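All remarks here apply to the structure that follows.
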Amino acid sequence: NLKYNLEYNPRLVINPGEIEDAIHKLAGGKSSGLDGVYAEHLKNCSSNYWPLLAKCVTSFLVHGYLPDSLMSVVLLPIIKDKSGKINSKDNYRPIAIASTMSKLLEIILLERLTIC
């Protein structure tokens, strides 16, 4: 039986304007993460979704919990030198493809940290 002492903290509240700004900063034409959501989905969605996304992101901050889907990435090996040995592990570098929602959260947090 866990008890949480959650007090209202207005600094944790994300407003729809922050969601809108973060959506506009998302880079288009990129791969989606495991959730299958592309930046274009958010860029072309109705502004009616912004308050819902704001509440969702606020709940992440208030409760200090991120779902596994936000924390999971797809790792892809990318070849460094195409004329080099393609069988050598040293000729590859990994890239991590994160979900669009985690990128949205990252943009919001980064913006807030640079304001402070």
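If Tyr8 satisfies all but one of (1) free of Cβ contacts under 8 Å to residues at least 12 places away in the same chain; (2) under 18 Å from Ser99 (Cα atoms), what's the number of the condition it fails?
(2)
What's the total number of residues in segment 84-96 that are under 20 Å from Ser31 (Cβ atoms) and outside any strand (DSSP E or B)?
Looking only at that region, the number is 0.
Under 6 Å by Cβ, and 6 or more places apart or on different chains, what pairs join a residue from segment 57-73 that is more than 17 Å from Glu7 (Cα to Cα) with one that is among the aliphatic types (A, V, I, L, M) and open to solvent by 60 Å² or more (accessible area, probe 1.4 Å)?
If the second residue must be among the aliphatic types (A, V, I, L, M) and open to solvent by 60 Å² or more (accessible area, probe 1.4 Å), the pairs left are Ser72/Leu34; Val73/Ala96.
For segment 58-85: of the residues being within 21 Å of Leu113 (Cβ to Cβ) and either at pLDDT 95 or above or among the hydroxyl-bearing types (Ser, Thr, Tyr) (or both), which is surrounded by the fewest Cβ atoms within 10 Å (Cβ to Cβ)?
Top of the filtered list is Tyr65.
If we keep just the residues of segment 38-57 that are among the hydroxyl-bearing types (Ser, Thr, Tyr) and assigned to a helix (DSSP H, G or I), which is least open to solvent (accessible area, probe 1.4 Å)?
Here the answer is Ser47.
Which of (1) open to solvent by 80 Å² or more (accessible area, probe 1.4 Å); (2) within 15 Å of the chain's Cα centre (by Cα) does Met101 not meet, given it meets every other one?
Every condition holds for Met101 apart from (1).
Would you pick out the residues in segment 58-83 that are over 24 Å from Tyr8 (Cβ atoms) and outside any strand (DSSP E or B)?
Asp68, Ser69, Met71, Ser72, Lys80, Asp81, Lys82, Ser83, listed by residue number.
Quick check on Gly29: is it surrounded by 15 or more Cβ atoms within 10 Å (Cβ to Cβ) and in a loop (DSSP other than H, G, I, E, B)?
No.
List pairs: first residue in segment 23-40 and farther than 16 Å from Ser72 by Cβ, second residue assigned to a loop (DSSP other than H, G, I, E, B) and open to solvent by 30 Å² or more (accessible area, probe 1.4 Å) anywhere in the structure, Cβ distance under 7 angstrom, at least six positions apart or on different chains.
These pairs meet every condition: Ala39/Ala27; Ala39/Gly28; Ala39/Lys30; Glu40/Gly28.
The values are calculated or read from the model by the stated rules, or taken from the named source; none is laboratory data. Remember, predicted model here, so these are calculated numbers, not experimental data. Because the Cβ atoms are built from the backbone with ideal geometry, glycine has one as well, and the counts that use them run over all protein chains shown. When the accessible area is computed, the model is the full protein with side chains, heavy atoms only, and any ligands, DNA or RNA have been set aside. Shrake-Rupley method; radii C 1.70, N 1.55, O 1.52, S 1.80 Å.
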